[in-house]
Amino acid sequence: MDFASIKAKADTYWRDLSNLEHPLIHIGMGTCGRAAGAEAVLATIESTLKDIDPLARIIKVGCIGMCYLEPIMAVRKPGRPFIYYGDLTPKKAEQILTSYLLKDDPKAEWSICTLAENSANGNGSIDGIPRFSELPMIRPQVRIALRNCGLIDPENIDEYIARGGYSGLNKALSMTPEAVIKEVKESGLRGRGGAGFPTGLKWEFARKAHGTQKYIICNADEGDPGAFMDRSLLESDPHAVLEGMVIGAYAIGASEGYIYIRAEYPLAVERLVLAIKQMRKYGLLGKNILGSGFNFEIKIKEGAGAFVCGEETALMASIEGARGMPRSRPPFPAQAGLWGKPTNINNVETFGNVSAILERDARWYASYGTEKSRGTKTFSLAGKINRTGLIEVPMGIKLEEVINDIGGGVRKGKRLKAVQTGGPSGGCIPAELLHLPVDYESLAQAGSIMGSGGMVVMDEDTCIVDMARYFLGFTKSESCGKCMPCRLGIKQMLDVVQDICDGNGQPADLELLERVCEAVQKGSLCGLGQTAPNPVKTTLRYFMPEYEKHVIEGKCPAGVCKHLFHYEIDPDSCTGCTACARKCPVGAITGEKKQPHAIDQTLCTKCGTCYQLCKFDSVMVK
Ligand SMILES: Cc1cc2nc3c(=O)[nH]c(=O)nc-3n(C[C@H](O)[C@H](O)[C@H](O)COP(=O)(O)O)c2cc1C
Ligand code: SF4
Ligand code: SF4
Ligand code: SF4
């Protein structure tokens, strides 16, 4: 089939779907939706629709980004826009469907927003319901990599093609590989896997490398704690990534590609397998792709979930069947990569952007972002923030806009303490630096990194020393052990930080930590060791008084390090409501009803239940 026929078929399907004379229901069935109970909601939707309108259609979509509102469904009546509803239970979903479909009451008070994908579905407005684009979480966003996430059926290639999919590949195949590389270079796209190396330049190295057999690899290892962008994109729009890979393969002259994905992402793997099958059927993969004479195959390699296997040389060793250990560079993968052949490795989101760039053009993409950081970046917003989810913002946006406007600020009205970016390779940005623009250079200047896009928000109840300990614990157990500075240095840093958390820290430890950080950073072979000190370095840089409080005063102001604080009840504000005493698991709280209560320190296990529970802020950390 040529591309025109493929596109015509997809457009017909899409037009029929838009003009459906029966209700259409989208339900978010990404991992976030399923974890929140979407399967039970789906079962209820199916049984309810059987009674109301058996010809109604249900489409399982991926994640639209508002993970904090899952399970989410969208209901579209003929000629109307979709109405989104979140925080669903099976009962609530049934009530919405019966109310809207039978009585035409959309239950506006339960809705999130409306969304019209084209004019066949009205002008997008329904009284009393805001539009999707007007939501505070959505307004500052620009969705390029996530353009289809939550809006299409990830298991239906026609939905992707109808929304512009594979037209970038079709265009690329009519260009020379050099012209494709030029386009990517002009877009200013930099690798989204962490280091931010210019993608077009990397492709040029691989193109120019000698050798008839070349490989292209998609790095979907995503091991950073708190990061779920790549998983979400693969689950919600696998073709966007696969199309980018085929374009990349054509540009560098690769005939074989691998997707290296952790086995803990079964839904993403399932959707990739299906998507690859669909591509083959349409002649978008395999021999003579779209009649261009270009041949390319993709294989999926499931990794066992070791963080270090995300490092490109370790990743290739793992594909080759060896233990996933990094090796020194040069030679770089572009010269001698997989099986010793020239290889290009890119991140999931990088490929997702490539397909969009070829579909539109370089200038359009480069119009977003800053001079040196073009385009957009996806982030997984997590931690103590009101609106957790998957977002995509233009580079250069201020951190405060991300935290406050998009994320809705810190949960429970608590004070923001820091934002952690870049996972274990990144650092902690203190609340005072919220005006910082989110781009490669600004984050690096602040001592952190963009990383692959994990963004974890910390409030006043987070102990910064404990946080550094957490990341060191992670990198220590994930270090492959090949080189001594990483293997022993991270352990030494962890021991020192553990001592500080346990109340056994000495003032000299702080200086020792700085010295070991330098040694590990400079002496380690791969990025894991080279960046493992970052969480310690940035916390020492911005939160030295908190370290000093631990070491000199023997106090943990956040009330996390158990040896360094205790809980007390303030007798002046305690109302004697008894809530804490009733829930204390060890019976350490005593007091008469309506009289101030008190904690028996010899019994208290510092579980924090009373602190979390007290509505009068009477339980204090001392
Ligand atoms: C320890 C370690 C883990 C990494 N994990 C990932 C990962 O999960 N995904 C990823 O794309 N890049 C990861 N990287 C970066 C890759 O080695 C590589 O730079 C990247 O995949 C290149 O793609 P890009 O140019 O599109 O960013 C990791 C690097 C290190 C040192
Ligand atoms: S720095 Fe750490 S993870 Fe990297 S090769 Fe050395 S020991 Fe292995
Ligand atoms: S929950 Fe708070 S107000 Fe109520 S008894 Fe306990 S400390 Fe006092
Ligand atoms: S911290 Fe836990 S154990 Fe201690 S008094 Fe409060 S509820 Fe009881």
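For the stretch 250-280, give me each residue that is open to solvent by 50 Å² or more (accessible area, probe 1.4 Å) and part of a helix (DSSP H, G or I).
266, 270, 273, 274, 277, 280
Taking the conditions exactly as written (within 27 Å of residue 610 (Cα to Cα), within 16 Å of ligand 3 (Cβ to nearest atom), surrounded by fewer than 17 Cβ atoms within 10 Å (Cβ to Cβ) and free of Cβ contacts under 8 Å to residues at least 12 places away in the same chain), does residue 590 satisfy them or not?
Yes, satisfied.
Just give me the residues in the stretch 205-224 being within 15 Å of ligand 1 (Cβ to nearest atom) and either closer than 20 Å to residue 144 by Cβ or crowded, with 21+ Cβ neighbours inside 10 Å (or both), in sequence order.
206, 215, 216, 217, 218, 219, 220, 221, 222, 223, 224
Scan the stretch 195-204 for residues that are in contact with a helix residue (DSSP H, G or I) (Cβ under 8 Å, 6 or more places away or on another chain), open to solvent by 50 Å² or more (accessible area, probe 1.4 Å) and not in a helix (DSSP H, G or I) and jot them down.
195, 198
Looking at (1) under 22 Å from residue 386 (Cβ atoms); (2) free of Cβ contacts under 8 Å to residues at least 40 places away in the same chain, find the lone condition where residue 89 falls short.
(2)
Quick one: in the stretch 89-103, of everything that is open to solvent by less than 10 Å² (accessible area, probe 1.4 Å) and among the aliphatic types (A, V, I, L, M), which residue is farthest from residue 116 (Cα to Cα)?
Across the stretch 89-103, the extreme among qualifying residues is 93.
Select from the stretch 563-572 the residues that are touching a strand residue (DSSP E or B) at 6+ places or on another chain (Cβ under 9 Å) and part of a loop (DSSP other than H, G, I, E, B) and write down the one among them that is farthest from ligand 2 (Cβ to nearest atom).
So, considering only residues that are touching a strand residue (DSSP E or B) at 6+ places or on another chain (Cβ under 9 Å) and part of a loop (DSSP other than H, G, I, E, B), the one farthest from ligand 2 (Cβ to nearest atom) is 571.
Of all residues being over 21 Å from residue 547 (Cα atoms) and either of a type in the set (D, E, K, R) or open to solvent by less than 50 Å² (accessible area, probe 1.4 Å) (or both) in the stretch 506-530, which is nearest to ligand 3 (Cβ to nearest atom)? Just the residue, please.
For the stretch 506-530, the residue satisfying everything is 528.
Mind checking which residues of the stretch 451-506 are outside any loop (DSSP other than H, G, I, E, B) and touching a His at 6+ places or on another chain (Cβ under 6 Å)?
Selection gives 465, 500.
Is it true that residue 419 is farther than 27 Å from residue 529 by Cβ and among the aliphatic types (A, V, I, L, M)?
Answer is no for this residue.
Go through the stretch 81-103 residue by residue and tally those that are out of contact with any Pro (no Cβ under 6 Å at 6 or more places or on another chain) and assigned to a loop (DSSP other than H, G, I, E, B).
4
Would you pick out the residues in the stretch 170-194 that are buried (at least 17 other Cβ atoms within 10 Å of the Cβ) and either outside the structural domain of residue 270 (by the TED database) or part of a loop (DSSP other than H, G, I, E, B) (or both)?
188, 189, 191, 192, 193, 194
State the number of residues belonging to the stretch 1-38 that are in a helix (DSSP H, G or I), open to solvent by 20 Å² or more (accessible area, probe 1.4 Å) and under 18 Å from residue 151 (Cα atoms).
Count: 9.
Which number in (1) basic (Lys, Arg); (2) open to solvent by 10 Å² or more (accessible area, probe 1.4 Å); (3) over 27 Å from the mean Cα position of the chain (by Cα) marks the one condition that residue 60 misses?
(3)
Identify all residues within the stretch 598-610 that are within 9 Å of ligand 3 (Cβ to nearest atom) and either open to solvent by 70 Å² or more (accessible area, probe 1.4 Å) or at pLDDT below 95 (or both); write none if there are none.
Correct list: empty.
From the residues in the stretch 433-484 that are small (Gly, Ala, Ser) and more than 30 Å from residue 324 (Cβ to Cβ), which one is modelled with the lowest pLDDT?
Selected residue: 446.
Among 556, 580, which is open to solvent by less than 40 Å² (accessible area, probe 1.4 Å) and more than 14 Å from ligand 3 (Cβ to nearest atom)?
Unique residue meeting the criteria: 556.
Just to check your reading of the model, which residue among 71, 106, 78 is open to solvent by less than 10 Å² (accessible area, probe 1.4 Å), more than 30 Å from residue 173 (Cβ to Cβ) and in a loop (DSSP other than H, G, I, E, B)?
After ruling out the rest, the residue left standing is 71.
Given the structure, is residue 447 part of a loop (DSSP other than H, G, I, E, B), in contact (Cβ under 8 Å) with a residue 40 or more places away in the chain, farther than 19 Å from residue 380 by Cα and not acidic (Asp, Glu)?
yes
List pairs: first in the stretch 298-326 and on the phi < 0 side of the Ramachandran plot and among the charged types (D, E, K, R), second part of a helix (DSSP H, G or I) and open to solvent by 20 Å² or more (accessible area, probe 1.4 Å), Cβ under 6 Å, 6+ apart or cross-chain?
Filtered contacts from the stretch 298-326: 311/527.
Residue 423: open to solvent by 10 Å² or more (accessible area, probe 1.4 Å) and either free of Cβ contacts under 8 Å to residues at least 40 places away in the same chain or within 20 Å of residue 67 (Cα to Cα) (or both), yes or no?
No, not satisfied.
With 293, 324, 283 as the choices, which residue is farther than 19 Å from residue 158 by Cα, away from ligand 1 (no atom under 16 Å from the Cβ) and not in a helix (DSSP H, G or I)?
Only one candidate passes the filter, namely 293.
Name the residues in the stretch 578-622 that are among the aliphatic types (A, V, I, L, M) and assigned to a strand (DSSP E or B), would you?
Passing the criteria: 589, 598, 599, 619, 620, 621.
To keep it simple, each residue is scored yes or no on (1) closer than 30 Å to residue 59 by Cβ; (2) out of contact with any Leu (no Cβ under 7 Å at 6 or more places or on another chain); (3) of a type in the set (S, T, N, Q).
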position	(1), (2), (3)
206	no, yes, no
218	yes, yes, no
236	yes, yes, yes
257	yes, yes, no
263	yes, yes, no
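I need the full set of residues from the stretch 450-499 which are away from ligand 2 (no atom under 16 Å from the Cβ) and open to solvent by 30 Å² or more (accessible area, probe 1.4 Å), in order please.
456, 460, 461, 466, 469, 470, 495, 498, 499
The values are calculated or read from the model by the stated rules, or taken from the named source; none is laboratory data. Everything numeric here is computed off the predicted structure, so don't read it as measured data. We place every Cβ from the backbone using ideal geometry, glycine too, and count neighbours over all the protein chains shown. Note: accessible area is taken over every heavy atom of the protein model, side chains too, but ligands, DNA and RNA are not part of it. Shrake-Rupley method; radii C 1.70, N 1.55, O 1.52, S 1.80 Å.
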